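Here the structure is laid out as structure tokens; the discussion comes afterwards.
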Amino acid sequence: MAEHKTASPAKSDAAQSAGNGHAQTNGSTVAPPYRVIGTRPVRHDGADKVTGRAVYGADLQLPGMLYGAILRSPHAHARIKSIDTSAAEQMPGVLAVATARDLPNLKDKVANLGEGAVNLAHLGANVLAHDKALYKGHAVAAVAAVNIHVAEAALAKIRVDYEPLTAVTWVLDAMQPGAPILHPDLRTDELGEPGAGNTNISTHLHFEQGDPDKAFGQADVVIEREYRTATVHQGYIEPHVSTALWNNDGHLTIWTATQGSFTARQQTAELLQIPLSQVTVVPCEIGGGFGGKIPVYLEPVAALLSRKCGRPVKLIMNRADVFEGTGPTPGSFVRVKLGAKKDGRIVAAEAYLAYDAGAYPGGMIGPGCMCVFSCYDIPNARVDGYDVCLNKPKTAAYRAPGATQAAFACESVVDELAEKLGIDPIELRLKNAAKEGTRRVDGPVYDRVGLVETLEAARNTPHWKSKLEGKNRGRGIACGFWFNIGLKSSVSAHVNFDGTVTLLEGSTDIGGSRTSIAMQLAETLGIKAEEVIPRVVDTDSVGYTDVTGGSRVTFATGLAAYHAGLDIIAQMRQRAALVWECKVEEVEFDAGTFRHKKQSLTFRELAGKLHQTGGAIVGRASVDPEGATNGFAVQIADVEVDPDTGKTTILRWTIVQDAGRAIHPSYVEGQMQGGAVQGIGWALNEEYLYDDKSRMTNASYLDYRMPTALDLPMIETVIVEVPNPAHPYGVRGVGEVPICAPPATLANAIYRATGVRMRELPMSPPRVWAALAAKK
Amino acid sequence: MSKRIHVSTTINGAPTEFLCEARQSLLEVLRDTLRLTGSKEGCGNGNCGACTVLLDGVPVDSCLVLAVEAEGADITTVEGLAHDTRLHPLQQCFLEGAALQCGICTPGFLVTAKALLDRNPKPTEHKIRFQLSGNLCRCTGYDKIVRAVQEAAKALDGNGRAEKKAAAKPRAAAH
Amino acid sequence: MRGTTKYGSCWKVAAQNRPPRSFYYSLSASTRKATALQDFSYAAATTIDEAVSLLSAGGDRARVLAGGTDIIVQLREGLRSADLVVDVKKIPELMALDFDPARGLLLGAAVPCYRLYDDERIAAAYPALVDSARIIGGWQIQGRASIGGNLCNSSPAADSIPSLIALGATCRIAGPAGTREVPVAEFCTAPGRNCLARGEFLVSLVLPAPRGGSAYLRFIPRNEMDIAVVGVGAWVELDPSGQKIADARIALAAVAPTPVVAAEAGKSLVGQPASEASFKAAGEAAKKVARPITDRRGPADYRTHLVGVLTQRVLATAVERAKSKK
């Protein structure tokens, strides 16, 4: 265990703490003198969360509430010939039973859920299986009863007649002719044209720029390798939970743990074919999501049950349900080929990616294809990607969805290239780093991005400069990329007469975003972070806001808070003009003080005069920004591999990341550390294991093996700040990119320690041992 | 079989009685019957530690304790860590050190860490990591949790820091 | 409640004449992964007689509850079922923890793991047992789980059983026909099965007076919270020179349907120098006993290989401990 004797972040200044650097590299300009941004206030919801008072989804209790339970398919692939629920319905204490028959017919219905079109029939069938169960754990029927014990007993009385079918769980197998077909009506979307014949391949994507064939011909070195990654789960500690009340007036209220209350509302309304306005979603505190709590699973089912019995119904998954019945992220096969000149310039690239979609089309292949070469300026490149249905749960986003699999492949080949060319791995990356003006293979041209600065900062870390000694030890490095997105956010904020401001927002707070948003409003208004009171409210109490995901909340909802702040200032200046009997234009505002000639009023003082000058002030903003700009992170790992067992021990870890601007550095570091550790888990031990009937055999925390505190050293962080020109405070978004690099970082480190290139995830002890044995 | 059983316990210092079925776990009774929902259920089989409580001072997974076994026992839950409006130094250090993100694992970590510091006021980093390995966190990567426990150990060790800190500063957020 | 209990009476357990019943049956993978526990009644016995009586009356639908960290999970997930759960923690003999350097250790079957490592004298006397107690689940599990329960659960991968075998522990079993003693090495009969006849239950474990040095080592993919891929327990006694091995016992977990004694491996060490070469040879001998399967916790060939690696390592630790005592 590496012990780094350093000060605690809590006690140190913002700039340098706990082995965590904070590199101001915003070019020639000096960082603006922020008063709130860059400080580390205690989060607004903190006291509730350390005392157990915060109300998470499972903590909710309503009068007359019933408990639900869901019957799930024991088969990975089966035709459902019949479902007999009569015995369950007659059980004392059972108040409602629901199956897919209770859902409206959704065939051929498509909805736009803000992130592209979604096939509602598929969404509905995933929530409650219709004619086929497509994975073990697929929901088939649901019961509401007076308590969980009765509900589970009732499940045992539901008779389902299954006709088991052959299942397929490995992506390349599912693509073969003759593979078991999940959806007889599925035709490959072949670059926009429907393909012919039965298939599990829902989409074939192709991106190309320049002339890759010619460029490979001119390359001095060409390396082509194949990579495989296992299915992994987001692993949030809070299982899915939803409570629904279909009221007597027909209004449906849903209390749920969701990353997006508005998308939960829309998905539920579309699935039930009722107007949006008939549904209110109340977001509860949420115990992690990482992309996995964007799709609905329980919400529509709880609603169906409540509609049948007229009482609130709570549905909670257990851990096995979460593993077997909710979106993991794709397993994958990726082939990457890179061609470079002797001087290290990468001139050609080609990639083939096949990703699990899971049971229904629409996985993470798009971002996978777009991210595979996104760290580099490569003029000639070609990418083919395949979205493949197979008998696993429908995949869901997981922190930079699709990017980690691609980065594992590309960054491993780049490492081999550096070795073959005899160039330092950071130098090689710097030589080829994407920068402003670089065109990515899928078309977009980068705005100002910070990869070069991030690589340079990595080169300057104490970690990279240190010497690693000892047997069986090695150091690895790799880059990661994520787009970061914008999307829609709305806020409103009202000025209280004591000078505080209450901020209403629709972004569910998974990791401290209440505070990072409130800090931006506080900065704008020139007040303290503690003087903003952020509230995450329901879908009737704030304007439309997209999901908490895509590393967008601090960027986009923060931007909305900034604009609401400007709106408040404009209104406050009018009030000041009334007080001073001057023109609005003559009222100046700076750093929390309004001025006219020699007169001045602080924000708080003026707030105290709102009563006399026209009443309350409400600021508001709704944004849909284009300018979320890309994030890059570089990670460095020192490992020791036990040659006798194949086990990898992490000795030291550093992550260097461009945050644009770190609003609350502690939570930026936290995102970096947490993302890195999820990537470490993905790299070393996490995987879905299947038996010969394609049933998951390790649907528990015991055997899924997420990292514990004892598996890790401290995670050193260096925040690079290359401000995003499209955001008033320079925010880029930081949540996702930290997960991308760790698998390649570790594969590269393991190679340096052992001489063995690991090309399959997880790089678990038996695999590394077998690779070492094969090398001998 | 489902006859209800009367159980007398002490919870967070207060004598508490409840009725339960034999098959109900302590966690279920704490959460659903007594409405002490600070203890969380993450897995139901002792692998995540989100439901950790102290049973006669010993940390246990309350999902693996039958409620009837609590007869005569002294139980501490996360709700019992703070005194009046003053947070326990661990709670304060978790807040100041940003040792939580989503917060669902936090109650379990706090209770386990309290048990650790009660026994071992100056644990090494390795000791902290070892004793906390029964508590899973998926958000933080553990770095800031370990540091917060180290800070709390210092605070409890008598440099007076714990005493200076009053209740949490910002106002509680909405649910 | 959980204070130490005087041991006196439990060295002799009155004979009982009750109908036998099966205590455990084989565990198989279940598709049921329930949230809530199945319905059952609860009884807390306060004497061995009462427990025998309750268990007998309950027939094969009664289960013993000690720490509960296995049985509650199994009842919840449908791996076992019960109409009656008999809590044995209020029986003084089951909570006994008495160590006498000359006589040995009497370990009540329901004593939670943490009490072993919290007791410095026991930790020093039986380090292999304490190695095991520290890694059975997390700390929260160790607050409840007992060594006796770990033994009665009879998992092939149980972390405490190789240590108990290596340390020469004996089971003290009460039942309708009275009390009997069985060496731990003969207790387990198959995965999830053991020699407890109908109506019997484990009262305590008896460890001989401490001699030599011992250690337990397992391999897991993470550093904590996993089930052993392979576990090896070893006990060694050095000759008066401190350089040669006078006696040794080695036992393995997770490489056969039950924890197994690696008798040849132990024998191979007798009279040998306490050296890496001897440990390695013992490791090779131990591998011959291993008959592992491939499952979610590891492939068979890897497990066999690990037996050699871990045997070698655990012997080095056990010898080091034996030397430090001299």
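Rounded to two decimals, what is Rg over Rh for the stretch B:89-167 when you use alpha-carbon atoms and the Kirkwood radius? Write down the numbers at each step before the final one.
On the way: Rg = 11.5 Å, Rh = 12.4 Å.
A ratio of 0.93.
Here the translational diffusion coefficient of the stretch A:647-689 follows from Stokes-Einstein with Rh set to the Kirkwood radius across Cα pairs; for 20 °C and 1.002 mPa s it amounts to 178 µm²/s.
Taking C:ALA44, C:ALA36, C:ALA246 as the candidate residues, the one with maximal mean-square fluctuation in a Gaussian network model of chain C, Cα springs under 10 Å, is C:ALA36. Net charge in the neighbourhood of A:ALA340 (other residues with Cβ under 9 Å of its Cβ; Lys, Arg +1, Asp, Glu -1) is +2. Here is the interface size for A with B: some 6000 Å² of accessible area buried, both sides summed, with a 1.4 Å probe.
To check you understand DSSP bridge types, tell me what percent of the beta bridges within the stretch B:1-150 (both residues inside) are antiparallel, rounded to 5. Don't jump to the answer; show the numbers that get you there.
Values: 15 of 17 bridges.
Looking only at bridges with both residues in the stretch B:1-150, the antiparallel portion is about 90 percent.
Relative to the compact-globule estimate of 2.2 N^0.38 Å, the Cα radius of gyration of the protein assembly as shown comes out at 0.93.
Counting every Cα pair in chain B, what percent are over 26 Å apart?
Values: 4507 of 15225 pairs.
For chain B, the fraction of Cα-Cα distances above 26 Å is 30 percent.
For chain B, the solvent-accessible area of protein heavy atoms averages 32 Å² per residue (probe radius 1.4 Å; ligands and nucleic acids excluded). Hull volume per residue, based on the alpha-carbon atoms of the stretch A:340-403 and their convex hull, is 79 Å³. Using the Cβ-Cβ distance between A:ASN472 and A:SER600 with R0 set to 56 Å, the FRET efficiency from 1/(1 + (r/R0)^6) comes to roughly 0.25.
Would you kindly calculate the translational diffusion coefficient of the stretch B:5-80, applying Stokes-Einstein with the Kirkwood radius from alpha carbon pairs, for 20 °C and a viscosity of 1.002 mPa s, and quote it in µm² s⁻¹ without decimals? If you can, show how the numbers build up before the last one.
Working: Rh = 11.9 Å.
D = 181 µm²/s.
For A:ASP84, the solvent-accessible surface with a 1.4 Å probe is about 70 Å², rounded to the nearest 10.
Total Å² of accessible surface buried at the B-C contact, 1.4 Å probe, nearest 100?
Values: alone 9980 and 13860 Å², together 20960 Å².
About 2900 Å² of accessible surface is lost on pairing.
GNM remark for chain B: springs join alpha carbons under 10 Å apart, and the peak mean-square fluctuation among B:PRO59, B:PRO121, B:PRO15 falls on B:PRO15.
Work through the residues other than A:VAL452 whose Cβ is under 13 Å from its Cβ and net out their charges, Lys, Arg +1 and Asp, Glu -1. Working shown, then result.
Numbers: positive: A:ARG429, A:LYS431, A:LYS435, A:ARG448, A:ARG459; negative: A:ASP377, A:GLU427, A:GLU436, A:GLU453, A:GLU456, A:ASP658.
So the environment of A:VAL452 carries a net charge of -1.
Counting each DSSP H run of 4 or more residues in the protein assembly as shown as -39500 (n - 2.57), what helix-only mean residue ellipticity at 222 nm follows after dividing by all residues, to the nearest 500 deg cm²/dmol?
Details: 37 runs with 350 residues, N = 1277.
After summing the helix terms and dividing by the residues of the protein assembly as shown, the value is -8000 deg cm²/dmol.
Along the axis of the charge dipole computed for the stretch A:657-723 (Cβ charges of +1 for Lys and Arg, -1 for Asp and Glu, origin at the Cα centre), the listed residues A:SER700, A:ALA683, A:HIS664 are led at the positive end by A:SER700.
Could you work out the mean count of beta carbons from other protein chains within 10 Å of each residue's beta carbon in A:38-46?
6
Using the alpha carbons of the stretch A:556-673, what is the convex hull volume per residue in cubic angstrom, as a whole number? Don't skip to the end; give the middle numbers.
Working: hull volume 20.1 nm³, N = 118.
It comes to 171 Å³ per residue, whole-number rounded.
By a 1.4 Å probe calculation restricted to protein chains, C:LYS89 has an accessible surface near 30 Å², given to the nearest 10.
For chain A, the relative contact order works out to 16 percent when only alpha carbon pairs closer than 8 Å and six or more residues apart are counted.
For the stretch C:201-287, what does the convex hull of the Cα positions come to per residue, in cubic angstrom? Show your work: numbers first, answer last.
Working: hull volume 11.7 nm³, N = 87.
Measuring per residue, one finds 135 Å³ for the Cα hull of the stretch C:201-287.
So in the protein assembly as shown, what percent of DSSP beta bridges are antiparallel if you round to the nearest 5?
On the way: 158 of 206 bridges.
Of those bridges, close to 75 percent are antiparallel.
Averaged over residues, the count of other Cβ atoms within 10 Å places the peptides C:110-118, A:755-763 in the sequence C:110-118, A:755-763, highest first. Of the peptides A:67-80, A:736-749, the order by per-residue mean of other Cβ atoms within 10 Å, starting with the highest, comes out as A:736-749, A:67-80. Accessible surface of the protein assembly as shown, 1.4 Å probe: 50 percent of it comes from carbon and sulfur atoms. With N set to the number of residues, divide the alpha-carbon radius of gyration of the stretch C:152-268 by 2.2 N^0.38 Å and report two decimals. Compactness ratio reported: 1.13.
Name the residue, out of C:ALA281, C:ALA109, C:ALA174, whose mean-square fluctuation peaks in a Gaussian network model built on chain C with Cα pairs under 10 Å. It is C:ALA281.
How many square angstrom of accessible surface are buried between A and C, both sides summed, with a 1.4 Å probe and rounding to 100?
Numbers: alone 28910 and 13860 Å², together 40300 Å².
Rounded to the nearest hundred, the buried surface is 2500 Å².
How tilted is helix B:106-119 with respect to the longest principal axis of chain B? Cα atoms for both, answer in degrees (0 to 90, nearest 10). The angle comes out at about 80 degrees.
The values are calculated or read from the model by the stated rules, or taken from the named source; none is laboratory data. All values derive from a computational prediction rather than experimental measurement. In this analysis, Cβ positions are derived from the backbone assuming ideal geometry, glycine residues included, and neighbour counts consider all displayed protein chains. Remember, those area values only see protein heavy atoms, side chains included, never the ligands or the DNA or RNA. Shrake-Rupley method; radii C 1.70, N 1.55, O 1.52, S 1.80 Å.
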